[in-house]
1. Could you check P31 against (1) at pLDDT below 90; (2) closer than 24 Å to F120 by Cα and say which number it fails?
2. Which residue, of L102, L92, is under 17 Å from D76 (Cβ atoms) and assigned to a helix (DSSP H, G or I)?
3. Might you let me know whether the stretch 121-130 holds any residue that is farther than 19 Å from S33 by Cα, over 10 Å from the mean Cα position of the chain (by Cα) and buried (at least 18 other Cβ atoms within 10 Å of the Cβ)?
4. In this structure, is V22 in contact with a Leu (Cβ under 7 Å, 6 or more places away or on another chain), crowded, with 16+ Cβ neighbours inside 10 Å and modelled with pLDDT of 95 or more?
5. Out of the residues in the stretch 36-83 that are among the small types (G, A, S) and touching a residue at least 60 places away in the same chain (Cβ under 8 Å), state the one that is surrounded by the fewest Cβ atoms within 10 Å (Cβ to Cβ).
6. Please enumerate the residues belonging to the stretch 109-131 that are at pLDDT 95 or above, within 13 Å of D65 (Cα to Cα) and of a type in the set (D, E, K, R).
Amino acid sequence: MKILAFCLLTVSLFASDLKLQVFQPPTSTCPKSWFTDMKKVANEVDIITVMNVKNLKRQIGIPYDIQSCNTSIMGDYVFEGNVPYQAIKDFLKEKPKNAIGLSLPAYENDKTPKTVYILFEDKSYKEYGKY
């Protein structure tokens with residue numbers, strides 16, 4: 001299983017910047033509206049069911065405190081959970097130095113506004129903004 005997850009990650013990191021791959025468990029209940037929003041960011045959105053998404057999160061280095069239901073990869077960036085469209089759009093426009101992506105932790109899903117966190121190469125994170 002670890003080899004499969006690593007292979008998927010490796011292939012994903014070299015994918016087109018306009019392709020978003022969403023890795024989720026079979027029990028995922030991600031809202032269809034989020035997938036619709038992601039089509040505004042990427043030309044192609046592929047949903048990949050993975051039995052153990054936690055291993056993928058661990059390999060990428062997503063801190064446990066800010067993990068969520070799914071993990072998405074677009075080019076060199078990772079988006080953890082159902083990160084709002086506008087946050088991803090802002091992030092891709094700015095491309096902050098040493099950042100590897102954004103996270104919307106599971107505990108933020110039902111809040112308004114939602115707090116989005118930025119992830120860094122050294123596995124640290126901080127608040128990115130409210131959306």
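The values are calculated or read from the model by the stated rules, or taken from the named source; none is laboratory data. Note that the structure is predicted; figures quoted are calculated from it, not measured. Note that we place each Cβ from the backbone using ideal geometry, even for glycine, and neighbour counts take in every protein chain shown.
1. Single failed check for P31: (2).
2. The unique qualifying residue is L92.
3. Yes - at least one qualifying residue is present in the stretch 121-130.
4. It is false that V22 is in contact with a Leu (Cβ under 7 Å, 6 or more places away or on another chain), crowded, with 16+ Cβ neighbours inside 10 Å and modelled with pLDDT of 95 or more.
5. G61
6. K126, E127
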